[in-house]
Amino acid sequence: IFFSGSIYEMFGNECCLSTGEVIKVIGFKINKLIASICENNEDSQFSAKVELPLNFPGLYKVVADKTPYISIEEITRKVSIGPTRFGHPCFYSPEDIKLANLTIKQGEQITFNSVEEVNGTMAVNCGVVRNSQTHSFTLPLSQEGKFYECEDDQIYTLKEIAEWKIPKCRNRTVKLSNTLHMWDSSNPLPENFGGCLILTPVYEVQAVMKFRKDIVHILSDLDVEVKDITDCYDISSFLQPLSLEDVFERTSKEFPMVAEIMEGPLGSQKPYNLLHIGKEIFIYKKYQATRVLASEIRSDSPKRHFLIPMTYKGKFKRRPREFPTAYDLEIARTEREQLHVVATKAFDSPHTELFSVSVGDQFLVQQRQTSEVLYEGRKKVIDVLACEQILSDAYKKVLLPMYMEGGFVEVIHDKKQYQLSEICKEFRLPFNVKVSVRDLSIKEDVLAAVPGLQLEEEITDSYLLISSASSPVESWEIPVYRLNMSVHLLSKDVQTVVPPMTKTTVEEISEEEYYMVRRYENQTLHPPPRPPKKP
């Protein structure tokens, strides 16, 4: 009997490995990482080694590997290339690569998109970007030369690095980008650590066995001798586990389907507490659904983060927004209503033509325009925000410099209660609210207890619609990329093709998941330039 933990903490990984047992290996993944700590940079001598679990908090930048790959075939063997956003690694060649209709210049960034057969030979679909135009081409696996990794400016969690960014037979050096939690004595990294970590993976083998309906995890350093019998064994007699991503990649025609859970998610919330090993479920369809990403309004951290479906039936009342600059007032301004704000910070204008603000001054925001100011004896045109200052018995037209670093709080006159869909339609996000009427269709509405919420942005995510096969009285939307769950398909018919009523679930997400969701939504939207600092 093999236990992967102590007698008290087995993680469900115990299994009997007796002589003659047939094991079907379905994959392997990194179980944990051994990190060598370099205090200064990747070239310095490392001082200590620590063990890091994959859920260790923090976001990391990947340091480009200085050792080149000698062929395209070596890259495809050692580097993860796949359909997801992580599976497009970038390389450059120190020499020109001449192709039939294109020459790849030395140092030019080549993105590897997928591996497939082209005219009978295996090749990699690649692309280079020139003048904002992507030029696609293929490189055969037989192509030789030196290929170096490009610098990667993205940030990743340790789990993402383990799954996608550690090449086989190589280590990976990373730099801590920012920590998501306060440092404490239980943290294995030094306090205020700003150096590099050299990550060495420890793998676990994922396998299925003949008479078990779950997935067995065997650590790769277990002292067991095995023999490869793939060529002489009928492997169709084994169960075929599928992740939710595998199910989502099936064609729409294959839905609905019946599945049995082989590995269930953790969680006490519905529906996660219903998804245990051995349970049969109906999977009706796959689709993209809209969610509103919301965060708790509080000055101290950590904040709670939520994904709210458009079907949420609660109602919201507005809460005042805070604006750090005049530039933010311009962004928040809408034609629907006039923005009324109170200054919370004084500002002394360097130009006599522009207004100096005192704490407590009230303004109605008008529009952006330009104004001439005298700067070092010369006239200069700058962007300003036209406002009306509210005096006790009159309104005074004033101009605020767009770069003004002040502080403003919104004054709300609107007492109306809004549905979520109304807010998204009528106002610009981010938008501050509080639940005024909770959603009565949810047994425990987590949003009702939150004193204030900032609705940050609308996102689109992938979901599967499921219900219990034994009592299909209600259906649930489960996220494809945030739920760790494996199923195997059963050759049964779904009795009810029309799914029962879908239950609304507000999903509370971790800080790591929040950063991931925001990062993917924002990577195509470059923020407008920040206003210039005052002279």
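The values are calculated or read from the model by the stated rules, or taken from the named source; none is laboratory data. This one's a predicted model, so the numbers in the text were calculated from it and none came from an experiment. As a convention, Cβ positions derive from the backbone with ideal geometry for all residues, glycine included, and neighbour counts pool all protein chains shown. In case anyone asks, the SASA skips ligands and DNA or RNA and just uses the protein heavy atoms, side chains included. Shrake-Rupley method; radii C 1.70, N 1.55, O 1.52, S 1.80 Å.
Below, the figures for the structure above:
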| quantity | calculated |
| --- | --- |
| Meets criteria (of a type outside the set (Phe, Trp, Tyr) and either under 13 Å from residue 477 (Cβ atoms) or surrounded by 14 or more Cβ atoms within 10 Å (Cβ to Cβ) (or both)) for residue 266 | no |
| Selection from region 449-480 of residues that are surrounded by fewer than 17 Cβ atoms within 10 Å (Cβ to Cβ), more than 30 Å from residue 434 (Cβ to Cβ) and not small (Gly, Ala, Ser) | 473 |
| Test: residue in region 325-337 that is in a strand (DSSP E or B) and over 25 Å from residue 430 (Cα atoms) | no |
| Counted residues, region 112-151 - those being more than 30 Å from residue 60 (Cβ to Cβ) and either touching a Pro at 6+ places or on another chain (Cβ under 7 Å) or of a type in the set (Phe, Trp, Tyr) (or both) | 3 |
| Identity of the residue in region 102-131, of a type outside the set (D, E, K, R), modelled with pLDDT of 85 or more and part of a loop (DSSP other than H, G, I, E, B), that ends up least open to solvent (accessible area, probe 1.4 Å) | 102 |
| Pairs with Cβ under 6 Å, 6+ apart, first in region 345-365 and assigned by the TED database to the domain that holds residue 378 and in a loop (DSSP other than H, G, I, E, B), second of a type in the set (Asp, Glu) and buried (at least 19 other Cβ atoms within 10 Å of the Cβ) | none |
| Selected residue (criterion: modelled with the lowest pLDDT) from residues of region 223-237 that are in a loop (DSSP other than H, G, I, E, B) and either open to solvent by 80 Å² or more (accessible area, probe 1.4 Å) or assigned by the TED database to the domain that holds residue 265 (or both) | 223 |
| Hits in region 482-527 - residues which are modelled with pLDDT under 55 and open to solvent by 80 Å² or more (accessible area, probe 1.4 Å) | 523, 524, 525, 526, 527 |
| Test result for residue 260, open to solvent by less than 40 Å² (accessible area, probe 1.4 Å) and more than 22 Å from the chain's Cα centre (by Cα) | yes |
| Matching residues in region 203-221 - criterion: being assigned to a loop (DSSP other than H, G, I, E, B) and over 30 Å from residue 62 (Cα atoms) | 210, 211, 212, 213, 214, 215 |
| Members of region 406-450 that are at pLDDT 90 or above, under 26 Å from the mean Cα position of the chain (by Cα) and assigned to a loop (DSSP other than H, G, I, E, B) | 450 |
| Hey, residue 302 over 30 Å from residue 493 (Cα atoms) and not small (Gly, Ala, Ser) or not | yes |
| Qualifying positions in region 67-101 - open to solvent by 40 Å² or more (accessible area, probe 1.4 Å) and in contact with an Asp or Glu (Cβ under 7 Å, 6 or more places away or on another chain) | 70, 92 |
| Whichever residue in region 397-428 is among the aliphatic types (A, V, I, L, M) and surrounded by 15 or more Cβ atoms within 10 Å (Cβ to Cβ) and, among such residues, is farthest from residue 456 (Cα to Cα) | 398 |
| Scope region 159-202; condition open to solvent by less than 60 Å² (accessible area, probe 1.4 Å), of a type outside the set (A, V, I, L, M), modelled with pLDDT of 85 or more and not in a loop (DSSP other than H, G, I, E, B); matching residues | 160, 164, 165, 172, 173, 196, 200, 201 |
| Close pairs (7 angstrom Cβ cut-off, 6 or more residues apart or separate chains): closer than 13 Å to residue 166 by Cα and at pLDDT 90 or above in region 58-79, assigned to a helix (DSSP H, G or I) and open to solvent by 10 Å² or more (accessible area, probe 1.4 Å) anywhere | 62/165 |
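Yes/no matrix, rows are residues, columns are (1) open to solvent by less than 30 Å² (accessible area, probe 1.4 Å); (2) under 30 Å from residue 439 (Cα atoms); (3) modelled with pLDDT of 90 or more; (4) outside the structural domain of residue 453 (by the TED database):
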{"position": "312", "(1), (2), (3), (4)": "yes, yes, yes, no"}
{"position": "330", "(1), (2), (3), (4)": "no, no, no, yes"}
{"position": "337", "(1), (2), (3), (4)": "no, yes, no, yes"}
{"position": "342", "(1), (2), (3), (4)": "no, no, yes, yes"}
